[in-house]
Amino acid sequence: METTLHSLYLGFSVALQPANAWYAFLGCLVGTLVGVLPGIGPLAGISILLPVTFGLNATQAIIMLAGIYYGSQYGGSTTSILMRIPGEASSVMTCIDGYAMAKKGRAGAALCIAAVGSWIGGTFGVLVLTIVAPPLATIAIRFGPPEYTALLVLGLIFLAYMSSSSLIRTLLMACLGLLLGMIGIDNMTGHFRYSFDLAELGDGIGIVPVAVGLFGLGEILSTPSADAVKDIISPRLRDLLPTRKEWSESALPITRGTLLGFVIGIIPGSAHVISSFLSYAVERRVSKHPEQFGKGAVAGVAGPETANNAASTGAFVPLLALGIPTSPITAVLIGALMIHGVSVGPTLVNEHPDVFWGFVASMYVGNIMLLLLNLPLVSVFVTVLRIPYAYLYPMIIMFCIIGVYEVNNSVVDVWIMLIMGVLGYALRKFDFDPAPLVLGLVISPILEQSLRQSLIMSNGNYFIFFSRPISLGLMLVSIGLLALAAYSFVLQRADWRTKLAEAEAGEAET
Amino acid sequence: MTLRADHVEGAFFVGFGLLVFALSGDLPTGSLSLPGSGFMPKILAALMVFFGLVLALRASESKEFATLSWSDAKHAAMVIAITAAAIGLFERLGFVTTNVLMMFALLTIIERRRLLPAAIYSVAVVGTTYILFVYVLKTPLEAGPLGF
């Protein structure tokens with residue numbers, strides 16, 4: 001513990017250096033704007049701004065990009081509450097009760113509860129990260145190929161089980177992503193796979209063009225500017241403070257959201273999105289007044305908003321301790337560090353303590369900055385939403401092109417982005433969630449390599465995954481989740497997804 | 001039989017899986033004890049065909065294909081066409097010229113904005129971005145024949 005406190009002191013001495021604090025502030029500010037603007041989520045935002053960090057050192061780069069990530073979770077709530085437009089996917093659930101509160105004249109209170117809940121969730125996440133990550137990194141050194149395979153398989157199954165779209169659709173998207181991840185040279189044999197004699201495809205398809213195409217351009221193609229005009233409710237500053245009753249109604253949902261979000265964040269998958277959906281379902285179930293959900297229930301704002309921020313921080317645990325990207329966003333962050341010559345994994349804490357602890361400490365600072373930034377400046381952020389969408393989206397397309405081109409100075413990457421944009425449009429049309437595709441792309445090389453290494457180690461015996469304690473535990477959890485999913489699927493019983501969709505449909509009618 | 005969205009989606013993924021199989025013909029599958037470079041892609045292609053079939057077989061729960069709204073398709077097609085033209089010209093004309101032309105085209109052709117405000121907006125946004133990246137952030141952008 002003493003070592004941790006000493007290391008944290010080192011971290012604060014790094015994070016509070018004026019230049020680093022400035023980049024944390026810049027990241028939080030840009031992240032809030034990314035969260036506020038419809039059509040540009042955290043993944044596209046981070047990917048587009050990745051080239052901006054090329055001139056910074058590794059610590060400043062990761063501090064700024066992480067600020068954009070958790071800043072966008074804060075900002076996403078603003079459009080959800082004031083316009084009923086989720087700035088990004090994890091704010092979808094906040095729309096329901098947040099906007100209902102705004103229509104009742106409680107927009108300020110909803111924003112305040114969302115900001116405070118986000119701060120508590122984020123700060124709790126950082127606290128646990130501080131304590132858990134270093135010992136976990138020590139354990140992670142014992143991870144071999146079978147353990148990595150089992151963990152990634154669990155992540156995919158968990159994502160499929162928890163995803164808001166159907167199980168089959170999620171698995172199809174994950175398969176497509178895994179296949180895309182296999183384009184290029186096979187690291188183990190040197191074979192070119194599906195590269196069609198294009199030298200640029202030899203290194204495979206990068207995550208940035210895919211992410212920016214699916215989430216940035218795809219969203220723009222699906223949003224004609226005529227549909228983007230919405231009424232904006234402007235809260236007054238004096239209405240920002242919730243009443244005592246609203247505080248007491250939000251206390252338990254914030255606590256539950258914090259714990260739930262952090263735990264889900266650790267498991268690979270689109271953690272921040274799943275956590276907010278799940279938190280809403282939990283709050284509705286435990287509430288003494290479930291009929292108030294959809295009509296402005298405070299718990300419907302406090303729970304999901306807290307959970308998505310706690311999950312964003314939780315996702316950094318496997319990233320920093322194991323070097324595993326549990327989401328597309330953390331994969332981009334790994335890419336950013338690798339560009340600066342820092343490899344992420346169990347050795348990070350010992351080899352680059354200034355980066356590791358500086359980053360952890362910057363999250364404490366960043367969460368306070370966001371709380372101070374979001375409440376007083378909410379009306380400023382709302383002003384950004386008044387820019388006509390017709391003028392906004394050409395600018396976003398330009399930034400998409402810059403962001404993708406600058407990573408490798410390759411126009412092939414920009415063409416891939418355009419193709420992915422078209423794919424993203426089609427996927428939205430047919431109700432597919434593109435997030436599992438990107439996750440599949442991210443984990444594909446690690447999963448394939450660890451699976452093949454495991455089979456070579458065991459001379460082709462699949463029992464290797466059940467003969468080592470850590471991989472056995474992870475595989476048993478995967479089998480349990482698959483059994484639960486199969487039970488609902490085969491017997492055609494309504495699982496949690498269906499029940500939630502029915503609940504939402506019911507609310508929409510009332 | 002009514003054609004439903006999941007029939008189309010299922011057929012697409014079955015077709016895609018089969019295409020991956022066809023393209024993987026020359027990749028060695030290897031053995032369980034020494035998997036080759038075609039091992040994982042073929043497993044995934046098989047899974048994709050299987051899940052595609054399940055999706056198509058359970059299509060009765062999905063909406064009718066004819067009821068899907070394509071009202072935004074024209075907007076999407078025009079944005080794709082203009083962006084594709086911009087990407088094609090990007091390395092020849094450079095960052096500034098290409099993006100000014102792209103934004104101007106998006107604003108005037110798709111959004112029907114007046115020419116002068118659209119031109120001023122395009123030049124101002126692209127110019128500011130160029131200065132920000134090249135001079136403030138020291139990140140070079142693709143130069144055209146005029147040097148910017």
Which distance in nm do the two modelled labels at residue B:77 and residue B:132 give, with both placed 7 Å along the Cα-to-Cβ direction?
3.4
Would you tell me the mean number of C-beta atoms belonging to other protein chains that fall within 10 Å of each C-beta in B:80-90, as a whole number?
4
Based on the Cβ-Cβ distance from residue A:4 to residue A:377, what FRET efficiency comes out when R0 is 35 Å, to the nearest 0.05?
0.55
Separation of region A:128-180 and region A:46-116 by C-alpha centroid, Å?
25
Mark the label point 7 Å from the Cα of residue A:409 along Cα→Cβ and return the residues of region B:114-140 whose backbone N is within less than 19 Å of it.
B:130-131, B:133-140
Suppose a student asked you for the relative contact order of chain A, using Cα pairs under 8 Å spaced at least 6 residues apart; what percent would you report?
28
Run the quick spin-label model on residue A:343 and residue B:124: label points 7 Å from Cα toward the beta carbon, then report their separation in nm to one decimal.
5.0
Once a ≥ b ≥ c are taken as the square roots of the eigenvalues of the Cα gyration tensor of the protein assembly as shown, is the result rounded (a/c under 1.5), prolate (a/b larger than b/c) or oblate (a/b not larger than b/c)?
rounded
Long-range amide H partners of residue B:30, meaning residues 5 or more apart or on another chain whose placed amide H is closer than 5 Å, are B:36
With runs of 4+ DSSP H residues as the only contributors, calculate the mean residue ellipticity of chain A at 222 nm using -39,500 (n - 2.57) per run, divided by the residue total and rounded to the nearest 500.
-23500 deg cm²/dmol
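FYI, it's all coordinate maths here, none of it is from the lab. Small disclaimer: the values here were computed from a predicted structure and weren't measured. All Cβ positions, glycine included, derive from the backbone under ideal geometry; neighbour counts span all protein chains shown.
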